[in-house]
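A short write-up of the structure that comes next.
What follows draws every value from the coordinates through simple rules; no lab data is involved. It should be emphasised that the depicted structure is a prediction, and the values quoted were computed from it without experimental measurement. With ideal geometry, Cβ positions are generated from the backbone for all residues, glycine too; neighbour counts draw on all protein chains shown.
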Amino acid sequence: MNTQLIESLVQAVRSLLEEERSLFETKLYREIPYPSNLELAHLRDRSKAFDFLKDEPDLYTIEDGESIKWE
């Protein structure tokens, strides 16, 4: 881990004027695209994070809501 680089970046951000910091935050956080439904489905399929749901009963049916639109 490059701790020195991280510390330098933190100092640089802290030295920005409020307007500059706001622009920086916009560029950093708001311009990140959200994952698509397909990307989320791939993540779900490759991850074990939701394996616990396999033991849960199916509470909903296809008629309960809107379907996911695959891109």
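The single condition among (1) surrounded by fewer than 10 Cβ atoms within 10 Å (Cβ to Cβ); (2) of a type in the set (D, E); (3) under 22 Å from the mean Cα position of the chain (by Cα) that E63 does not satisfy is (3).
Filtered by the rule that a residue be assigned to a helix (DSSP H, G or I), loosely packed, with under 10 Cβ neighbours inside 10 Å and among the polar types (S, T, N, Q), the stretch 1-56 gives T3, Q4, Q11. Restricting the first member to the stretch 20-38 and to residues that are more than 20 Å from V10 (Cβ to Cβ), and the second to residues that are surrounded by 11 or more Cβ atoms within 10 Å (Cβ to Cβ), the beta-carbon pairs closer than 8 Å and six or more apart or on different chains are P35/L43.
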